[in-house]
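The values are calculated or read from the model by the stated rules, or taken from the named source; none is laboratory data. Note that this is a predicted model, so its numbers are computed, not measured. Note that we place each Cβ from the backbone using ideal geometry, even for glycine, and neighbour counts take in every protein chain shown.
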Amino acid sequence: MSKKDLEGLVIPEHIGIIMDGNGRWAQKQGLERFEGHKAGARVFENICEYACDIGIKVVTFYAFSTENWKRPEKEVNALMELFRRFFARVNARESENEKKRMRIRYIGSRAGLPQDIVSLIDILESGTENKDGLTVNVALNYGGRNEILFAAKALAQRAAKGEIDPDKLTEEDISSGLFTAGQPDPDMIIRTGGEYRISNFLIWQSAYSELYFSDTLWPDFSPEDLDRAIIEFNRRNRRFGGV
Ligand code: IPE
Ligand code: IPE
Ligand code: MG
């Protein structure tokens, strides 16, 4: 690994990653798209470990969007099977989690996910709740608009009951109704796979995130690529509207 390359650099506290390009990676090699997702899942685990080693506090991985249900049933089922296996494997690997002190959080809408996957997620979240190392947010059946709608509905319900005054709502009230409540906003969003868009990922939280696009297809993404993104992050001048 390449921890040395990062000496003296600011390590972003929270990085969001849009893991894109699995399908194209597979197709380029004459494989089924699913093989790309399988390879991508291995890279996801590798990058989790590396993020933990270099001291990032939160990484949010975009694994499946609310729009990805539009894909052929065969691909959706194959992806669900991968998630199922991943969560089951991590649940069974308690001692290793202990060592890495990783806390796994789910972000997204549980409604619509297979019930057994929801149960695995619940076990994993409660089992790693007290870890104080890296927080890994898994965004699965996640959509930024859906998340904001969810927060807005909760606020509207409280207002209808007379618990809050709509005139006094603040941006903080919305932030704390999101799935990422209590976490810092992402300092940087990385998207692999050569597409230059956000695709409904952390749209509220990324208001001032540095955007980093890489042409590397996700299954080829390595710790060195993450280093490159962090080096680039250190060259940026974040002004937040100031001078
Ligand atoms: C990202 O890779 C993984 C998911 C969206 C689940 P893609 O499957 O979108 O790969 P491309 O963009 O088709 O290459
Ligand atoms: C974004 O990738 C979603 C994930 C990586 C999970 P997509 O491949 O679904 O995005 P679009 O369709 O190219 O915008
Ligand atoms: Mg894609």
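Out of the residues in region 19-31 that are of a type in the set (A, V, I, L, M, F, W, C) and over 25 Å from ARG103 (Cβ atoms), which is farthest from ligand 1 (Cβ to nearest atom)? That would be LEU31. Of the residues in region 163-180, not one is surrounded by 14 or more Cβ atoms within 10 Å (Cβ to Cβ), within 16 Å of ligand 3 (Cβ to nearest atom) and not in a loop (DSSP other than H, G, I, E, B).
So for region 189-204 (the condition being modelled with pLDDT of 95 or more, away from ligand 3 (no atom under 16 Å from the Cβ) and closer than 22 Å to GLU45 by Cα), does at least one residue qualify? Checked region 189-204: at least one residue is modelled with pLDDT of 95 or more, away from ligand 3 (no atom under 16 Å from the Cβ) and closer than 22 Å to GLU45 by Cα.
In this structure, LEU140 does not qualify as surrounded by 12 or more Cβ atoms within 10 Å (Cβ to Cβ) and either of a type in the set (Gly, Ala, Ser) or in a helix (DSSP H, G or I) (or both).
Scanning region 7-50 for residues that are closer than 22 Å to GLU210 by Cβ, more than 15 Å from ligand 3 (Cβ to nearest atom) and in contact with a Pro (Cβ under 9 Å, 6 or more places away or on another chain) turns up PRO12, GLU13, HIS14, ILE15, GLY16, ILE47, TYR50.
Checking ILE107, ILE123 one by one, the residue that is in contact (Cβ under 8 Å) with a residue 60 or more places away in the chain and under 26 Å from GLN183 (Cβ atoms) is ILE107 and no other. Scanning region 209-224 for residues that are among the acidic types (Asp, Glu) and buried (at least 19 other Cβ atoms within 10 Å of the Cβ) yields one hit, GLU210.
Restricting the search to helices (runs of 4 or more DSSP H) fully inside region 1-102 and requiring at least 2 residues that are more than 16 Å from ligand 2 (Cβ to nearest atom) gives 33-53, 73-91, 94-100. Regarding region 10-18, can at least one residue be identified that is more than 16 Å from ligand 1 (Cβ to nearest atom) and either small (Gly, Ala, Ser) or surrounded by fewer than 14 Cβ atoms within 10 Å (Cβ to Cβ) (or both)? Yes, region 10-18 has at least one match.
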